[in-house]
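Below is one structure; the comments refer to it alone.
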Amino acid sequence: MDTLITDESGFKMKAFDIFTFAIKYIKEHTINQMKRTFTYVNIAAIHYVITVPALWEDKAKMFMRMSAIQAGIKVDQLTVVLEPEVAFIYCQEFRTDRENKTNITFSETIKKGMKYVVVDLGGRAADITVHERQPDGLLEEVVPPSGGAWGGTAIDNAYLRFLEKVFGEMVVQELKLKDLEDYTELIHEFKAKKWSIKTDRKTDIVITMPVGLVNIIEKHCGGIDAE
């Protein structure tokens, strides 16, 4: 409960306060959007489901539950569940053309006794779970969840290490501390290009450097060689 989170500029704040604020904002934003759409919204009838990674320990799940309660969600209106389980429930209603059939849902292809794998490729980690559908229709975990820090942020970090290797660690650190807006733009630009890459792509990937970075490179390295 006393864990601290450090932002890009080095400022520290309690993780519990940050998670509480984020959940409260999402809750209030959702309710306001519903009020704009519907004539009447029964706040007491809303049930909130918060998902957590499969690899999280019990104390981390309790941390999330306490954050949600602190954000104003009542205990009887809250459920904390594992992301792979929610993913499977969501996917059950997807239509599929498996076995050349039409107009059937994914759940109809998973018969009793069949096992399936859910691979959650997130930003920070990859979670892999294996479940089996029981004769009574319920799901049972076959093996413990596994995975690792193989998410998209690992690629982002590798990109930053590459920039530090090319221009120097001082350049990247100064951009982060003195021009956070351009530093954020640099990361978002790379993410946008990363998401657009296909396996059959043949052309070069062009990433635009923010002005702040160009100026710092000019200051420490004398500029960028076009060659």
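The values are calculated or read from the model by the stated rules, or taken from the named source; none is laboratory data. No experiment lies behind these values; they were computed from the predicted model shown. Surface accessibility is based on the protein's heavy atoms, side chains included, excluding ligands, DNA and RNA. Shrake-Rupley method; radii C 1.70, N 1.55, O 1.52, S 1.80 Å.
Structure above, values below:
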read-out	value
With DNA, RNA and ligands ignored, accessible area of ILE155 (1.4 Å probe; Å², nearest 10)	90
Value of relative contact order over the chain, rounded to a whole percent, pairs C-alpha under 8 Å and six or more apart	12
Segment 165-223 shape via C-alpha gyration tensor axes, a/c threshold 1.5	prolate
The chain: calculated mean residue ellipticity at 222 nm from DSSP helix runs of at least 4, using -39500 (n - 2.57)	-14500 deg cm²/dmol
Convex hull of Cα atoms in the chain, direction-averaged projection (nm²)	18.8
Estimated D of segment 1-71 in µm² per second, where Rh is the Kirkwood radius over Cα pairs and Stokes-Einstein applies at 25 °C, 0.890 mPa s	175
Rounded Å value of the spacing that divides the Cα centres of segment 31-57 and segment 126-194	27
Coordinate range along principal axes, alpha carbons of segment 31-95, Å, largest first	41, 39, 17
Segment LYS191-GLU85, length gained on full extension (0.36 nm per residue, minus Cα span)	35.4 nm
Percentage relative contact order, segment 1-131, counting C-alpha pairs under 8 Å, at least six apart	18
Cα long-axis angle, helix 169-178 against the chain (0 to 90 degrees, to the nearest 10)	70
Long pairs among LYS165/LYS202; LYS14/LYS176; LYS27/LYS115; LYS27/LYS191; LYS165/LYS198; LYS74/LYS178, criterion Cα-Cα beyond 32 Å	LYS27/LYS115; LYS74/LYS178
Fraction of the pair-distance distribution of segment 56-180 above 26 Å, Cα-Cα pairs, percent	49
Helix 58-70 vs. the chain, principal-axis angle (Cα, 0 to 90°, nearest 10)	90
Computed P(r) (all Cα pairs; segment 116-198; 10 Å bins; percent)	15, 32, 23, 15, 10, 4, 0
